[in-house]
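Participant: Pasting a structure below so you can have a look.
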Amino acid sequence: MADVQPHEVAISIPWRQWTPEAFREARDRDVPILLSISAVWCHWCHVMDESTYRHGEVVRRLTSDVVPIRVDADRRPDINNRYNLGGWPTTAFLVPEGDLLTGGTFMPPEEVLSSLDEVLQYYRTQHADLEEKLKRRRARRGRMEELRHRLRGSVTPAIVDEVVEATRRSFDAEHGGFGEAPKFPLPDTIELALAAGHANRDSALLDIADTTLTAMAEGGVYDPIDGGFFRYSTTADWSRPHYEKMLDGNARLLSVYLHAAQVLDRPLFWKTARDVLAFIEATLHDVETGGFGGSLTADEEYYRLNAEERGWRTPPAMDPTIFTSWNAMMILAYLEAATILDEPYLGEHGLEALEAVWRLNYAPGAGMAHYYDGAAHVPGLLADQAWMGKAL
């Protein structure tokens, strides 16, 4: 303990997994739950782990006053979608039944401790009032679901026209892309502009796709040294990336650049597609399992180095989780690339990955799952079944 700073401790928070047993413990102890939603690639998640969750008083209070649960956002997208409070990390306080009390995103130690004091004070002194509020909230949620079901309309071709028009309106003609900062690639939106422009001979829509893909490939959101796209740009002009590299984003962008190369025949698009493939093979292809890892950590210091300086630094760590949906996206892109680029070996690699994902992640009667820690977990998520079906 001599090397540990006074405000830090050598022990860690006893995080529970998202299980019935964790919620049963909260009910038996009659205490709230602190839910931490994190991600392997998330820079501020690592900062919070190294600062807030190593703070001695935070560790003591979270160990004694609540049931602490840790969830990986990628491995449990269902939980992330329900409880995410605007980014990662999400720090949410729940009642033992799972309803949200309050929370936020990144919290320094002082904020966690003050929030904990407020939550415990309210939970212990306003129990009857809290139960009544939660009952009303659940009833209101049920009524909203019922109303949404009644108002649901028919699927018609007019919906496509409406979305295409929304795409035109949100297009940033100066910088490419859609909306303002922070700016995400939105490959599905680019794909729509490209497909609708090609089908309808609409040069304005084709220009939306062309301008956006060019700006991204030539901007800071693309890594010119190691290859691959970062998750998004913090600026509208694509100049300042947020340094995560994700399998799903690169898979979808690879497909879009392949399609744009076919339709628009830009040398830059052909080159970018080939470079993304090289990046995936070098960094996210998991030789051991045959599948693709989920992401690379957002190591800002590493990505700011030039090519010579990067040679002696350890590259960012890969998340080895084999996500079915993300792998299926990349497999689809490989199979397309084999034909579009006339490179049969890419098709062979895609089929090998498809076999690996099927072998590792499929359970009869339960569907596709995610593979990590030597086993398949969380079967039955809709996105996994849909993307795997498409890849097959």
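The values are calculated or read from the model by the stated rules, or taken from the named source; none is laboratory data. Remember, it's a predicted structure, so these values are computed and weren't measured experimentally. Neighbour counts are summed over all protein chains in view; Cβ atoms, including those assigned to glycine, are modelled from backbone coordinates with ideal geometry. Just so you know, the surface numbers come from the protein's heavy atoms only, side chains and all, with ligands and any DNA or RNA stripped out. Shrake-Rupley method; radii C 1.70, N 1.55, O 1.52, S 1.80 Å.
Participant: State in Å² the accessible area per residue of the stretch 9-60; use a 1.4 Å probe, count heavy atoms of protein chains only, and round to the nearest integer. Each step should come with its number before you reach the end.
Facilitator: Details: 2490 Å² over 52 residues.
I get 48 Å² per residue for the stretch 9-60.
Participant: Per 10 Å bin, what is the whole-percent P(r) computed from every C-alpha pair distance within the stretch 81-174?
Facilitator: Calculated over all Cα pairs of the stretch 81-174, the distribution is 12, 26, 26, 20, 15, 2 percent.
Participant: With the Cα gyration tensor of the stretch 33-152 in hand, convert its eigenvalues to equivalent ellipsoid semi-axes via √(5λ) and list them largest first in whole Å.
Facilitator: Details: eigenvalues 149, 83, 19 Å².
Square roots of five times the eigenvalues give 27, 20, 10 Å.
Participant: Can I ask one more? If the chain between Ala128 and Glu174 were fully stretched, how many nm would it gain, using 0.36 nm times the residue separation less the Cα-Cα distance? Can you show the working numbers first?
Facilitator: Numbers: separation 46, 0.36 × 46 = 16.56 nm, distance 5.54 nm.
Length gained, Ala128 through Glu174: 11.0 nm.
Participant: Can you list, bin by bin at 10 Å, the percent of alpha carbon pairs in the stretch 242-392, starting at 0?
Facilitator: Spelled out bin by bin, the stretch 242-392 gives 11, 39, 33, 16, 2, 0 percent.
Participant: What ranking, highest mean first, results for peptides 14-22, 325-333, 232-240, 213-221 when packing means the other Cβ atoms within 10 Å averaged over each residue? Let's see the in-between values first.
Facilitator: Details: 14-22: 12.9, 325-333: 27.0, 232-240: 18.4, 213-221: 21.4.
Per-residue Cβ counts within 10 Å, averaged per peptide and sorted highest first, yield 325-333, 213-221, 232-240, 14-22.
Participant: Would you mind giving the average projected area, over all directions, of the Cα convex hull of the stretch 156-263 in nm² with one decimal? Mind dumping the intermediate values first?
Facilitator: Details: hull surface 26.5 nm².
About 6.6 nm², averaged over all directions.
Participant: Out of the GluC sites (Glu not before Pro) in the stretch 248-348, which ones are loop residues according to DSSP with at most 11 other C-beta atoms within 10 Å?
Facilitator: Taking the stretch 248-348 and a limit of 11 other Cβ atoms within 10 Å, the loop GluC sites (Glu not before Pro) found are Glu288.
Participant: Might you report the magnitude of the Cβ-based charge dipole of the stretch 110-230 about its Cα centre, with Lys and Arg at +1 and Asp and Glu at -1, to the nearest 20 debye? Intermediate results must be reported in sequence, preceding the final value.
Facilitator: Details: 16 positive and 23 negative charges, 246 e Å.
With only Lys, Arg, Asp and Glu charged at Cβ, the dipole is about 1180 debye.
Participant: May I pose another question? Roughly to the nearest percent, how much of the accessible area of the stretch 1-144 is carbon and sulfur, given a 1.4 Å probe? All intermediate terms of the calculation are to be shown ahead of the outcome.
Facilitator: Working: 3780 of 7380 Å².
Its accessible area is 51 percent carbon and sulfur atoms.
Participant: Using a probe radius of 1.4 Å on heavy atoms only, what accessible surface per residue do you get for the stretch 189-238? Whole Å² is fine. Display every interim value, and only then the final one.
Facilitator: Working: 1910 Å² over 50 residues.
Using a 1.4 Å probe on heavy atoms only, each residue of the stretch 189-238 averages 38 Å².
Participant: With n ≥ 4 as the cut-off for DSSP H runs, can you work out [θ] at 222 nm for the chain, using -39500 (n - 2.57) per run divided by the number of residues, rounded to the nearest 500? Mind dumping the intermediate values first?
Facilitator: On the way: 16 runs with 205 residues, N = 392.
Counting only the DSSP helices, I get -16500 deg cm²/dmol.
Participant: Collect residues whose amide H, placed 1.01 Å from N in the peptide plane, falls under 5 Å from the amide H of Ala236; neighbours closer than 5 in sequence don't count.
Facilitator: Those lying under 5 Å, H to H, from Ala236 are Ala181.
Participant: Another question, if that's okay. Take the Cα coordinates of the stretch 25-75, assign each an equal point scatterer, and use the Debye formula without solvent to give log10 I(q)/I(0) at q = 0.22, 0.26, 0.32 Å⁻¹.
Facilitator: Here log10 of I(q) over I(0) equals -0.86, -1.02, -1.16.
Participant: Answer with one residue from His127, Thr90, Met107: the one whose Cα lies farthest towards the positive end of the charge dipole of the stretch 65-133, charges on Cβ with Lys, Arg +1 and Asp, Glu -1.
Facilitator: Toward the positive end, the furthest listed residue is Thr90.
Participant: Going from the alpha-carbon gyration tensor of the chain, what semi-axes, largest first and in whole Å, does one get by taking the root of 5 times each eigenvalue?
Facilitator: Working: eigenvalues 307, 141, 98 Å².
So the three semi-axes of the chain are 39, 27, 22 Å.
Participant: Putting +1 on Lys and Arg Cβ atoms and -1 on Asp and Glu Cβ atoms, find which of Leu284, Pro316, Leu247 reaches farthest to the positive end of the dipole of the chain.
Facilitator: Among Leu284, Pro316, Leu247, the one farthest towards the positive end of the dipole of the chain is Leu247.
Participant: Nothing charged except the Cβ atoms of Lys and Arg (+1) and of Asp and Glu (-1): what's the magnitude of the dipole of the chain about its Cα centre? Round to the nearest 20 debye. It would help to have the intermediate numbers written out before the result.
Facilitator: On the way: 39 positive and 60 negative charges, 315 e Å.
Approximately 1520 debye in magnitude.
Participant: Sticking with this structure for a sec: Fully extended, how many nm does the chain gain between Ala317 and Glu118 (0.36 nm per residue separation, minus their Cα-Cα distance)? Please report the intermediate quantities before stating the final value.
Facilitator: Numbers: separation 199, 0.36 × 199 = 71.64 nm, distance 3.77 nm.
Length difference between fully extended and current span is 67.9 nm.
Participant: With the full set of protein chains in place, find how many percent of the accessible area of the stretch 234-288 is carbon and sulfur; take the probe as 1.4 Å. Please list the in-between numbers first.
Facilitator: Working: 1120 of 2200 Å².
Carbon and sulfur: 51 percent of the exposed surface of the stretch 234-288.
Participant: Right, here's the next one. Hey, could you pull the Cα Rg and Dmax for the stretch 94-228, both in Å?
Facilitator: 23.5, 66
Participant: Something else now. Please give the per residue accessible area of the stretch 295-392, computed with a probe of 1.4 Å over protein heavy atoms only, in Å². Present the calculation step by step, with values, prior to reporting the outcome.
Facilitator: Values: 4850 Å² over 98 residues.
I get 50 Å² per residue for the stretch 295-392.
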